[in-house]
Structure formats: C-alpha cells, structure tokens
Amino acid sequence: MPTDRVIPLQRVRRPARSILATVLALILAAAVPGCAATARDQVRYPDGGITIASGSTAGVYYGYATEYARVLRQDLRGLKVKVVTTSGSVDNLIRLDGNTAQLGFATADTAYNATDSKATYPASKDLRAIARIYDEYLHLVVPANSKVRSIRDLHGLRVSTGAVKSSTEVTAGRTLEAVELDAERDLKRHRLGLDGSIQAFRNGQIDAFFWSGGLPTSGIKDLASRLPIRLVPLGEQVNWLRRHYGTYYRRAEVPSTTYPDVQQAVTVGVPNYLVVSGDLEERLVYELTRVLFQYRREIGAKVPSGRLLDARSAISTMPVQLHPGAERYYRDVKA
C-alpha cells in the first residue's frame, strides 16, 4: 500500500513568507513620506504648470533654473515646467507677487525688502522659501590695468550698476552708499544686466561694472578668458552694510582659482534663496523640495553652485519663512 508523501514544512512556509514580505513592503512604502509612487500620484499639478523666474542667460540663476526644471520634468511626470529669463531678484519677486511665476531666485536683501511694508516694489505677503541654495558674491569688474583700486575710485567713471529690478542694483547701490557715493550723482551710470554689461565692457563703453552672482559666473569666466580683468575688493564695506541693512551680509572671498588669471578678492557675500508662492499646494512644494535635494549632484555637475546645497543650512532662510511643504520635507529628513 503506497504511503502518503510528506511535504517538507519549509516548502509550505516559503511562499507564505514571500507573500507576507511583499504585503509588508507595500504597506511600508505607502507609510514613508515622499518615497512611494502613490504619494506622488496624489499631488495635483497646476493646470498651466509652473514657471521658474531665473535671471540673465549668462548668470548662475538661469543655469540653475534650467537644470532644476529638467530634473523636475524627469521625476514629476506630467508636470509642465517653464523657465523665463528676467532682470534678477527684484523682477523675480514682482513676478511671484503677480502670479506670473510660481518659483524664483532671490537674494536675502531683496527678499527682506519684499516682506517690508515700506518696500519700493510690491510687498510679497505670501512669499515663502524652499531653501537657501548658495551665496552670491558682489563682483566689481575692471580692466586689469585700470587705476581703480577701491570703490571710491569709481567717482566720475562710466559704471554699470546692474539691471533695473536686479539684486545687483540693490547690493551695488548700498555698497556705494557705504562710501558716500551716489550712483546718479557721482557716476556716469549705466543700468545693464550681465549680458549688456559684458558687451559694453568689451566694447570700451563702460569703465567698470557690478555683478552679484554665484561662483563661478559663466559670463565673467568667459570674459576673463578673452580680456585681462581684475576684481576690486569690497570687503571693507561689509561692516557698514551689516549695521545699516542686515546681518545677512558677510565678508566673502572670491578665490584666485575662480576665473582665469584673476587674483582673489574679498567682497560682499549675501545668501540666495529659492522662493515660492505661499499659496502653492503643500504636497507639491514637498515634491519640489525633494527633487531639488535628490538631484543636487546632477544639477551640480552642470552648475557648480548647485553643489553647495545642504539640508542643514538650507533651512536658514530668514526673514522669509519656509513653505509648509518644505518644512515637512526637512522634518522627514531630520535636517
């Protein structure tokens, strides 16, 4: 009489364990914020997508915005992302205030002014921050053989103080004020963006120009490879700026390795923020923040300033409050 075949116990348990592990993995994935596809599926994208206000095509803002937009489209499938060139920080804040852009780049000094009721441009009451992304450096560019050795030597010269509605215009104007120079009265003032300043400088139409941007700024790097230039030190004006305008200003060094054959210079540094409309949905801003950090190395491979993004310093965006969606991201990663 044939005996019954005994099935080993482990053969029965193995499929059960496999099924149980799969179920637990699905539950865990759904429970971890930001890591499950289902969580992203719940995010509602604006019908018209989002617009990122950047800056001049020769500046860091534009390169950063372009790379950030690319990884957003790559990760958040279906989200339409547009990058627009602008005059800079002030212009970006005005666009956010008017809802013609939802994200933008702005320096701490211009963002502070935008939250002030006495602002000279529309106060953005709903302005929020996603992150402090890198610091900007105020450049004062002159020909290498120029007699200009300090900012005071600009008196009577043809100088571009930056485009209208730019952070360069704001920071340069305040730095001139520190040495009792008035841009309108004491200079032959030009108000050109970076592209225009570089072109006028190369054509001999101006003697010097200001630019506030990250390191290295591609437009100035290209200029230095074509013409001998020098950066005028501005570090002596930092204490005055801190006393009169805010402690977010600091002494910052532009290393000699930044631009071809340009010696190091101590200058004015100011934090730079990625800002966002306060009424943008929390879950969407969470995802915008996640993508910014998840792809920071990829962005940094194309834009060196992108390598400076750090979760611990990114939360320092005062006087602009973090958006609740960004706050939740930082809590989740324990920044």
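Greater than 32 Å separation of Cα atoms is the criterion. Which listed pairs, Lys165/Lys221; Lys147/Lys302; Lys188/Lys221; Lys221/Lys334; Lys302/Lys334, meet it? Over 32 Å apart, Cα to Cα: Lys147/Lys302; Lys221/Lys334. When the Cα atoms of segment 136-271 are aligned to their principal axes, the ranges along those axes come out at 39, 33, 28 Å in descending order. Computed about the Cα centre, the dipole magnitude for segment 136-271 is approximately 40 debye when only Lys and Arg (+1) and Asp and Glu (-1) carry charge, each at its Cβ. Ranked by the mean number of other Cβ atoms within 10 Å per residue, highest first, peptides 274-287, 204-217 order as 204-217, 274-287. Distance between the pseudo-spin-label points of Glu177 and Val266 (7 Å out from Cα toward the beta carbon): 2.4 nm.
For a paramagnetic label modelled at 7 Å from the Cα of Thr57 toward its Cβ, which residues of segment 213-240 fall within the zone defined by backbone nitrogen distances under 17 Å? Residues 218-223 fall inside that zone. If you take the square roots of the eigenvalues of the alpha-carbon gyration tensor of segment 227-335 and sort them as a ≥ b ≥ c, do you get rounded (a/c under 1.5), prolate (a/b over b/c) or oblate? Oblate shape, in that a/c is at least 1.5 and b/c is the bigger or equal ratio.
Every read-out reported here was derived from the displayed coordinates using simple, explicitly stated rules and does not represent laboratory data. Please read all numbers here as calculations on a predicted model, not as lab measurements. As a convention, Cβ positions derive from the backbone with ideal geometry for all residues, glycine included, and neighbour counts pool all protein chains shown.
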